[in-house]
1. Fully extended, how many nm does the chain gain between Thr88 and Glu118 (0.36 nm per residue separation, minus their Cα-Cα distance)?
2. Angle check, please: helix 12-22 long axis (alpha carbons) against the longest principal axis of the chain (alpha carbons), in degrees 0 to 90, nearest 10.
3. Calculate the dipole size of the chain relative to its Cα centre from +1 charges on Lys and Arg beta carbons and -1 charges on Asp and Glu beta carbons; express the result in debye to the nearest 20.
4. Can you sort Met91, Met1, Met101 so the residue with the fewest Cβ neighbours within 10 Å comes first?
5. Report the FRET efficiency, 1/(1 + (r/R0)^6), for Glu67 and Arg30, where r is their Cβ-Cβ distance and R0 is 22 Å, rounded to 0.05.
6. Per DSSP H run of n ≥ 4, the term is -39500 (n - 2.57); total these for the chain, divide by its residue number, and report the mean residue ellipticity at 222 nm rounded to 500 deg cm²/dmol.
7. Under a straight-distance cross-link criterion of Cα-Cα below 24 Å, which lysines are reachable from Lys72, leaving out those fewer than 8 residues away in the same chain?
8. Take each of the peptides 19-32, 106-119, average the number of other beta-carbon atoms within 10 Å over its residues, and list them starting from the highest.
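Please treat every number below as a calculation from the coordinates, not as lab data. Computed from a predicted model, the values in this text were never measured in an experiment. Reconstructed Cβ throughout: ideal geometry from the backbone, glycine too, with neighbour counts over all protein chains shown.
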Amino acid sequence: MVLVIDGNCEDWGTARKALSEAVEDYVFPRSEVGCPEPHVERWCFADPESFNDVIGAAPPSDPGKCERFLYKNLLRRTILEAGQPILTTEMEFAPDLVERMNLYKAGKNQRSLGHFVEGLRSAFRLLS
């Protein structure tokens, strides 16, 4: 089972630990938890090259703050300013961003993403 939940201004380790402890091992013997710090939209900016390739604009500077809707609004504004239409939400671009993303570089830029990717890699190694 893979769980991803925003850290919501808690550091990724604290948020991850709380969620991991809520998972019953006898129900889900294998699980991995991702906790974007502070919000998942921040992960979209983690690899500037792939962001530019997909969106057609450089990602905005990371303010490094935790404010409700800050990263969502930054992502939305950047997409719209690049001339891209948003049909549902700004996160409709996330699959394309992840597909193009250099996960090593992105994980270095966003520590919580790096830990999540490494956790998934370890879990997949165990399964193979």
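1. The span from Thr88 to Glu118 would gain 7.8 nm if fully extended.
2. Orientation of helix 12-22: about 40 degrees from the principal axis.
3. Its charge dipole is roughly 200 debye.
4. Ascending Cβ contact count within 10 Å gives the list Met1, Met91, Met101.
5. On the way: r = 35 Å, r/R0 = 1.59.
Between Glu67 and Arg30 the formula returns 0.05.
6. -15000 deg cm²/dmol
7. List returned: Lys105, Lys108.
8. 106-119, 19-32
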